[in-house]
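Input: a single structure, listed below in structure tokens.
The values are calculated or read from the model by the stated rules, or taken from the named source; none is laboratory data. Note that the coordinates shown come from a computational prediction; the quantities given were computed from them, not determined experimentally. Ideal geometry is used to build each Cβ from the backbone, glycine not excepted, and the neighbour counts take in all protein chains shown. Heads up: the accessible areas ignore ligands, DNA and RNA and are worked out on the full protein's heavy atoms, side chains in. Shrake-Rupley method; radii C 1.70, N 1.55, O 1.52, S 1.80 Å.
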Amino acid sequence: MISVAEASEMILRNNIAIEGKMVPLDEANGEILLEDLTADRDFPPYHRVTMDGIAIKYAAFEQGVRTFPIEAVGAAGAPRITMKDSESCIEIMTGAILPDNTDTVIRYEDLEIKDGKATFLLDELKYKKNVHRKGEDCLAGEVLVKAGVRISPAEIGIAATIGKTHLKVADIPRAVIISTGDELVDVGESPLEHQIRKSNVHQLKATMEQWGIQSHLEHLADEKQAILEKLEHLLKTYKLIVMSGGVSKGKFDYIPEALEQLGVKKLFHRVKQRPGKPFWFGVSPSGSRVFALPGNPVSTFMCAHRYVHSWLKESLGMVQDLPFAILAEDYYFKPDLTYYLQVKLEYRKDGSILAHPQTGNGSGDHANLATADAFLEIPAGREHFKAGEIFPFMKYRG
């Protein structure tokens, strides 16, 4: 067996180059950005007024002027105007260009306007008050958003501001998700006593769709020659292959042998972790990445989040850091393995996150996933983990 760190390193090293595609701005929400968004001009592009009021020259205020004759009115969207008399003022609206020969804005709430004059009612005024200076946010050519982020409404707004009608986003290749085993029947069937419904593949499909991966479902019965023929076709068709089951040491677990017969290079087969110890990963001659996950539902689910998702993020150039949570109570785990503890998350008012253990009945206890929110990664080499210790977690809910 290899460690979690070794398995992760091998998987991340075997990422793929994901091509880009151009999509209209209004269709880019939720996609992965594959280009930097740079400012096409200074932002703001002019000295922008931030309050309705009057624009004055601050030097006049310093010289004791408190009542300013109104020369004109400047509206948002109108060309820049110039104030002729430095002791006058111009009525100005929010969003308008600051008039030439002015540098400070006094809001209407601090004024009395009567007979074409505006009188300042307060004793103090700051220089350049209520003016958003040109280039204060960023200068032309600066990177506003780096490639590798998932596009949200915030990035949509930025892209619109810089005139991007289309964005280059990741063209994530389709995947195939494969279930294995004669004991599995379709969801709509009534299983016999010795059968169960296919659930892992539907869980994986829904999970991967959240990451932007569209997938096709296939099933392999426990018949060696049929497995070889079907896998040979799928390896030529898909760049990402995720399998559930058939990778342990059972008499009918043909998957590892079949993959090796088809020339798929095995990088590892077993990982020092629970759940998910019998986990096979390899690369085919055509460049397909093969994740053959264990068949128990919790094992499949955890391995997908810990490894398939990190592989995708590495391929997309996304940040890999996991968040951390505080263990809410003492926990004991004796085997010398990295343990992925199912936890319920509690978000506290002080900004911290508590992780409450949700101990079920092992990796076959599918229902226990519904009581938890995340997997807390507890390191190998210890048996006693104390309340208050901090560990990384992988959230799968919300």
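Quick one: what pairs do we get from the stretch 50-66, first residue under 22 Å from Glu136 (Cα atoms) and modelled with pLDDT of 95 or more, second surrounded by fewer than 18 Cβ atoms within 10 Å (Cβ to Cβ) and of a type in the set (Phe, Trp, Tyr), C-beta under 6 Å, 6+ apart or different chains?
These pairs meet every condition: Asp52/Tyr108; Gly53/Tyr108; Tyr58/Tyr127.
Is it the case, given these coordinates, that Lys164 is touching a helix residue (DSSP H, G or I) at 6+ places or on another chain (Cβ under 9 Å), surrounded by 14 or more Cβ atoms within 10 Å (Cβ to Cβ) and farther than 19 Å from Val49 by Cα?
Working: touching a helix residue (DSSP H, G or I) at 6+ places or on another chain (Cβ under 9 Å): yes; surrounded by 14 or more Cβ atoms within 10 Å (Cβ to Cβ): yes; farther than 19 Å from Val49 by Cα: yes.
Criteria met by Lys164.
Step by step: first the residues of the stretch 76-92, then only those that are within 22 Å of His132 (Cβ to Cβ) and exposed (fewer than 13 other Cβ atoms within 10 Å of the Cβ), then the one that is nearest to the chain's Cα centre (by Cα). Which residue is that?
Gly77
In the stretch 316-341, how many are out of contact with any helix residue (DSSP H, G or I) (no Cβ under 6 Å at 6 or more places or on another chain), at pLDDT 90 or above and either among the hydrophobic types (A, V, I, L, M, F, W, C) or part of a strand (DSSP E or B) (or both)?
Qualifying residue count, the stretch 316-341: 14.
Every residue in the stretch 29-60 that is aromatic (Phe, Trp, Tyr), surrounded by fewer than 19 Cβ atoms within 10 Å (Cβ to Cβ) and not in a loop (DSSP other than H, G, I, E, B), please.
Residue satisfying the conditions is Tyr58 alone.
Name the single residue that is surrounded by the fewest Cβ atoms within 10 Å (Cβ to Cβ) among those in the stretch 93-118 being among the β-branched types (Val, Ile, Thr) and within 10 Å of Ile54 (Cβ to Cβ). Write out each step before concluding.
Initial filter on the stretch 93-118 (among the β-branched types (Val, Ile, Thr)): 94, 97, 102, 104-106, 113.
Checking the rest, the ones that are also within 10 Å of Ile54 (Cβ to Cβ) come to 102, 104-106, 113.
Numbers: Thr102: 25, Thr104: 22, Val105: 27, Ile106: 23, Ile113: 15.
Only one residue tops the list, namely Ile113.
Within the stretch 288-328, restricting attention to residues that are closer than 19 Å to Gln214 by Cα and without any contact (Cβ under 8 Å) to a residue 40 or more places away in the chain, which residue is least open to solvent (accessible area, probe 1.4 Å)?
So, considering only residues that are closer than 19 Å to Gln214 by Cα and without any contact (Cβ under 8 Å) to a residue 40 or more places away in the chain, the one least open to solvent (accessible area, probe 1.4 Å) is Cys303.
Scan the stretch 3-28 residue by residue and report those that are surrounded by fewer than 13 Cβ atoms within 10 Å (Cβ to Cβ) and in contact with an Asp or Glu (Cβ under 9 Å, 6 or more places away or on another chain).
Arg13, Glu19
Can you tell me which residues in the stretch 184-204 are surrounded by fewer than 15 Cβ atoms within 10 Å (Cβ to Cβ) and part of a loop (DSSP other than H, G, I, E, B)?
Result: Asp186, Val187, Gly188, Glu189, Ser190, Pro191, Leu192, Glu193, His194, Gln195.
Within the stretch 330-338, can one find any residue that is surrounded by 21 or more Cβ atoms within 10 Å (Cβ to Cβ) and either of a type in the set (Lys, Arg) or within 29 Å of Gly245 (Cα to Cα) (or both)?
Yes, the stretch 330-338 contains a residue that is surrounded by 21 or more Cβ atoms within 10 Å (Cβ to Cβ) and either of a type in the set (Lys, Arg) or within 29 Å of Gly245 (Cα to Cα) (or both).
Could you grab the pairs with beta carbons closer than 6 Å, sequence gap of 6+ or different chains, first residue in the stretch 378-394 and farther than 27 Å from Gly351 by Cβ, second one open to solvent by 60 Å² or more (accessible area, probe 1.4 Å) and of a type in the set (Asp, Glu)?
From residues that are farther than 27 Å from Gly351 by Cβ, the pairs are Ala380/Asp336.
Determine, yes or no, whether Arg348 is open to solvent by 40 Å² or more (accessible area, probe 1.4 Å) and either under 25 Å from the mean Cα position of the chain (by Cα) or at pLDDT 95 or above (or both).
Criteria met by Arg348.
How many residues are modelled with pLDDT of 90 or more, open to solvent by less than 40 Å² (accessible area, probe 1.4 Å) and outside any helix (DSSP H, G or I) when one looks only at the stretch 224-261?
Going through the stretch 224-261 one residue at a time, the tally reaches 6.
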